[in-house]
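Shown below is the structure under consideration.
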Amino acid sequence: MSSRDAILQRLRNRTGGELTAPECDFSVLDRPDWSTAERLDMFERTIESVHGEVHRTTESGWIDRLAEILQSRGAETLLIAKEHEIGQALRSATKNREDLPQLLVYDEPIESWQEALFNEVDAGITSTRGGIAETGSLILWPTADEPRLMSLVPPIHIAVLKASELYTTFHDAMQSQNWAAGMPTNALLVSGPSKTADIEQTLAYGVHGPKELIVLVIE
């Protein structure tokens, strides 16, 4: 019997049977039934209060808005996923336009291009699992196609969020998306660009991650 099994067996002996989770009252998390527009307004106010940036756009116009944002930053390279529809849409768009930066596809192990990833990527774009209005947070579920480094390494992280996938609270998101049925090994909540106050207790941004977080909200 392993140490884990031994501990669980002792707990079963004390409870007299199978282990069960206690009943929990989540009514304290209840919020008003806000509309999508109200959730979006709250999300924008909250994330911008911690130096995030929100741009409202449309399904047909988000690439145009992205191009404007990257041009204003002087970005010359953009890291994209290989398989995700965002990466595919950008690769298709570059065939007919010249206002987008060079696209770098994350399609090989980190060991083979680590130096280029850390030194030559100006911005990275990822999808999101949704957003939380109350805390101004984005939900990221990294995959092999969109690994964690895509949102961690580039100085500018651009996240695409559908307004229809914006929830009032974290609890709402977990319930609506049925997180209990299965989660990735590395679910992430991102609220603003990276920041730390470890250095002389002074809040600084972009020390160990993106200096900018830009959210494109598809309405």
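Just to confirm my filter: which helices (runs of 4 or more DSSP H) fall fully inside region 109-208 and include at least 3 residues that are hydroxyl-bearing (Ser, Thr, Tyr), surrounded by 21 or more Cβ atoms within 10 Å (Cβ to Cβ) and out of contact with any Leu (no Cβ under 9 Å at 6 or more places or on another chain)?
Output list is empty.
All but one of (1) polar (S, T, N, Q); (2) closer than 30 Å to Phe170 by Cβ; (3) at pLDDT 85 or above hold for Ser27, so report the exception by its number.
Result: Ser27 passes all but (3).
With the structure loaded, tell me whether Val105 is assigned to a strand (DSSP E or B), over 15 Å from the mean Cα position of the chain (by Cα) and more than 19 Å from Glu44 (Cα to Cα) or whether it fails that test.
Values: assigned to a strand (DSSP E or B): yes; over 15 Å from the mean Cα position of the chain (by Cα): yes; more than 19 Å from Glu44 (Cα to Cα): yes.
Against the criterion (assigned to a strand (DSSP E or B), over 15 Å from the mean Cα position of the chain (by Cα) and more than 19 Å from Glu44 (Cα to Cα)), Val105 qualifies.
Taking the condition under 30 Å from Ala37 (Cα atoms) and crowded, with 20+ Cβ neighbours inside 10 Å, does Leu79 pass?
Numbers: under 30 Å from Ala37 (Cα atoms): no; crowded, with 20+ Cβ neighbours inside 10 Å: yes.
Criteria not met by Leu79.
Now for a different question. Does region 95-103 include one or more residues that are without any contact (Cβ under 8 Å) to a residue 12 or more places away in the chain, surrounded by fewer than 18 Cβ atoms within 10 Å (Cβ to Cβ) and among the aliphatic types (A, V, I, L, M)?
Scanning region 95-103 turns up no residue that is without any contact (Cβ under 8 Å) to a residue 12 or more places away in the chain, surrounded by fewer than 18 Cβ atoms within 10 Å (Cβ to Cβ) and among the aliphatic types (A, V, I, L, M).
Separate question: Those residues that are open to solvent by less than 40 Å² (accessible area, probe 1.4 Å) and assigned to a helix (DSSP H, G or I), I need them from region 45-54; list them, please.
Thr46, Ile47
Let me ask you something else. Would it be correct to say that Ile63 is closer than 30 Å to Glu38 by Cβ, in contact with a Pro (Cβ under 9 Å, 6 or more places away or on another chain) and aliphatic (A, V, I, L, M)? Steps first, please.
Details: closer than 30 Å to Glu38 by Cβ: yes; in contact with a Pro (Cβ under 9 Å, 6 or more places away or on another chain): no; aliphatic (A, V, I, L, M): yes.
In short, no.
Can you tell me which condition Gly74 does not meet? The list is (1) open to solvent by 70 Å² or more (accessible area, probe 1.4 Å); (2) farther than 23 Å from Glu219 by Cβ, and all the others hold.
Just one mismatch for Gly74, condition (1).
Ok, one more. Could you look through region 55-71, keep only residues that are part of a helix (DSSP H, G or I) and touching an Asp or Glu at 6+ places or on another chain (Cβ under 7 Å), and pick out the one that is surrounded by the fewest Cβ atoms within 10 Å (Cβ to Cβ)? Quick ask: steps written out before the conclusion?
Residues of region 55-71 part of a helix (DSSP H, G or I): 62-71.
With the extra rule that they be touching an Asp or Glu at 6+ places or on another chain (Cβ under 7 Å), the set shrinks to 67, 71.
Working: Ala67: 19, Gln71: 12.
Among residues in region 55-71 that are part of a helix (DSSP H, G or I) and touching an Asp or Glu at 6+ places or on another chain (Cβ under 7 Å), the one surrounded by the fewest Cβ atoms within 10 Å (Cβ to Cβ) is Gln71.
Further question: Kindly indicate whether any position in region 110-132 is acidic (Asp, Glu), in contact (Cβ under 8 Å) with a residue 24 or more places away in the chain and closer than 21 Å to Glu48 by Cβ.
The answer is no, given that none of the residues of region 110-132 is acidic (Asp, Glu), in contact (Cβ under 8 Å) with a residue 24 or more places away in the chain and closer than 21 Å to Glu48 by Cβ.
Which number in (1) over 24 Å from the mean Cα position of the chain (by Cα); (2) among the charged types (D, E, K, R); (3) open to solvent by 90 Å² or more (accessible area, probe 1.4 Å) marks the one condition that Glu85 misses?
(1)
The values are calculated or read from the model by the stated rules, or taken from the named source; none is laboratory data. Here the structure is a predicted model, which is why all the values come from computation and not from measurement. Backbone-built Cβ (ideal geometry, glycine too); neighbour counts: all protein chains shown. Only protein heavy atoms, including side chains, enter the accessible area calculation; ligands, DNA and RNA are left aside. Shrake-Rupley method; radii C 1.70, N 1.55, O 1.52, S 1.80 Å.
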